[in-house]
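Enquirer: Let me give you the structure first, and then I'll get to my questions.
The values are calculated or read from the model by the stated rules, or taken from the named source; none is laboratory data. Please read all numbers here as calculations on a predicted model, not as lab measurements. Cβ coordinates were reconstructed from backbone atoms using ideal geometry, including for glycine residues, and neighbour counts include every protein chain displayed. Surface areas here come from the heavy atoms of the whole protein model, side chains and all, with no ligands, DNA or RNA. Shrake-Rupley method; radii C 1.70, N 1.55, O 1.52, S 1.80 Å.
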Amino acid sequence: MKITFMSDTYTVEELKVPHLHDRTYCIFDLEGTGINPTAESETQFGAMYYKKGESLDSSFSSLVHASKPIPEAVAKLTGISNEDMIQAPSFAEAYHTFLEFIGDKVLVTQAGYEYDLPILKRHCDMYGLSMLTNPVLDTKAMFTYIHPKISDVISTDFLIHYYDLDPEGIHRHNALADCSVIARIFEHVLNEYQELALDYFTADAEHAMKRFVIPEMYLTA
């Protein structure tokens, strides 16, 4: 898979996932010390298995020892504190356990092409580890491909409102809890693909996604 970033958009190529509706996926999400993937440190892995129309009880969650302090505002948002980092496993330990959990499944993220994958790749490079090679679907990209006339940034909040989901009682910005939100979004996206008689996702350079805007405070940190 090839991701090409422009100033305010990005494209994805060299990805094709067939048989969308009858496979078991692994949904994953990462938390970090901030939202700039070029500068921040991971703090948590979350992942869960998902199959359309079925209830699967298999999940994974692990803190990750951050390489920089967690800002107070981020700690309040995620519920992950600097004190939690004292006993947290190293990135290498958490990453290897994460790889064991995901196996060879197709992965699913939300806005992962611009955050989760870049920050994960940077950490793998930092610690001399091989980046995962699983195919990765992004609900943001899948939605954009079938709704080309919608010009909004396809954020998690946008999709929650678009599909009229009720996130009450779900701890947002906790990696595993966010996986459950992504699962609900993914189910709606798959339903739309099924209505359009699409049983595959093929990425191409003709479809550009609008990037989220990183606040100035993270760019200058």
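Enquirer: Could you give me the ³J(HN,Hα) list for region 154-162, computed from phi with Karplus coefficients 6.51, -1.76, 1.60 and θ = phi - 60°, whole Hz, x at Gly and Pro?
Expert: Running phi through 6.51 cos²θ - 1.76 cosθ + 1.60 with θ = phi - 60° gives 7, 7, 4, 4, 4, 5, 4, 6, 4 Hz.
Enquirer: Moving to a separate point now. At a probe radius of 1.4 Å, what is the per-residue accessible area of ARG211, in Å² to the nearest 10?
Expert: 70 Å²
Enquirer: Mean 1/r over all different Cα pairs, inverted: what Kirkwood radius does region 149-204 give, in Å?
Expert: One decimal place: 12.7 Å for the Kirkwood radius.
Enquirer: Report the residue, chosen from SER61, SER180, SER130, that carries the largest GNM mean-square fluctuation when the chain is represented by alpha-carbon nodes joined by springs under 10 Å.
Expert: Top of the fluctuation ranking is SER130.
Enquirer: Got a sec? What order do ASP157, ASP204 fall in by accessible area at 1.4 Å, biggest, i.e. largest, first? Write out the running numbers ahead of the final one.
Expert: On the way: ASP157 85, ASP204 45 Å².
These residues rank, largest area first, as ASP157, ASP204.
Enquirer: Follow-up. Kindly provide the chymotrypsin sites (Phe, Trp or Tyr not before Pro) of region 124-161 that DSSP labels as loop, not H, G, I, E or B, and whose Cβ sees at most 14 other Cβ atoms within 10 Å.
Expert: Numbers: sites: TYR127, PHE143, TYR145, PHE158; in loops: TYR127.
Answer in residue order: TYR127.
Enquirer: Modelling each spin label as a point 7 Å along the Cα-to-Cβ direction, I'd like the LYS121/ILE150 distance in nm, to one decimal.
Expert: The answer from the label model is 2.6 nm.
Enquirer: Of VAL106, LEU176, MET131, which is farthest on the positive side of the dipole of the chain, counting Cα position, with +1 on Lys and Arg Cβ, -1 on Asp and Glu Cβ, and the Cα centre as origin?
Expert: Looking along the dipole axis, the top candidate is MET131.
Enquirer: Could you please tell me the mean projected area of the C-alpha convex hull for region 81-170, averaged over all directions and given in square nanometres to one decimal?
Expert: Convex hull of Cα atoms, orientation-averaged projection: 8.2 nm².
Enquirer: Which aspartates and glutamates does LYS76 reach when only Cα atoms under 19 Å apart count, and residues fewer than 8 places away in its own chain are ignored?
Expert: Counting by Cα, and skipping residues close in sequence, LYS76 has these aspartates and glutamates nearby: ASP29, GLU31, GLU40, GLU42, ASP84, ASP157, GLU168, ASP178.
Enquirer: Apply 1/(1 + (r/R0)^6) to the Cβ-Cβ distance of ILE170 and ALA205, taking R0 = 30 Å, and write down the FRET efficiency to the nearest 0.05.
Expert: 0.30
Enquirer: What does the extension gain come out to for HIS19 and ASN191, with contour length at 0.36 nm per residue minus their alpha carbon separation?
Expert: 60.6 nm
Enquirer: D for the chain, whole µm²/s, Stokes-Einstein with Kirkwood Rh over alpha-carbon pairs at 25 °C and 0.890 mPa s: what number? Don't skip to the end; give the middle numbers.
Expert: Values: Rh = 17.8 Å.
In µm²/s, the coefficient is 137.
Enquirer: Using a 1.4 Å probe on the protein heavy atoms only, what accessible surface does MET1 show? Give it in Å² to the nearest 10.
Expert: Looks like 90 Å² after rounding.
Enquirer: What accessible area, in Å² to the nearest ten, does a 1.4 Å probe give for ILE146?
Expert: 40 Å²
Enquirer: Heavy atoms only, probe 1.4 Å: what % of the accessible area of the chain goes to carbon and sulfur, would you let me know?
Expert: Answer for the chain is 52 percent, counting heavy atoms of protein chains only.
Enquirer: If I stretch the segment between PHE158 and THR9 completely, what's the gain in nm (0.36 nm per residue apart, minus their alpha carbon distance), one decimal?
Expert: The PHE158-THR9 span can extend by a further 51.9 nm.
Enquirer: Another question about this same structure. Say we join alpha carbon atoms closer than 10 Å with springs in a Gaussian network model of the chain; which of ALA175, ALA73, ALA141 then has the biggest fluctuation?
Expert: Sorting by GNM fluctuation, first place goes to ALA73.
Enquirer: Where is the GNM fluctuation largest for the chain (alpha-carbon springs, 10 angstrom cutoff): GLU42, GLU83, GLU187?
Expert: Of GLU42, GLU83, GLU187, the most mobile in the Gaussian network model is GLU83.
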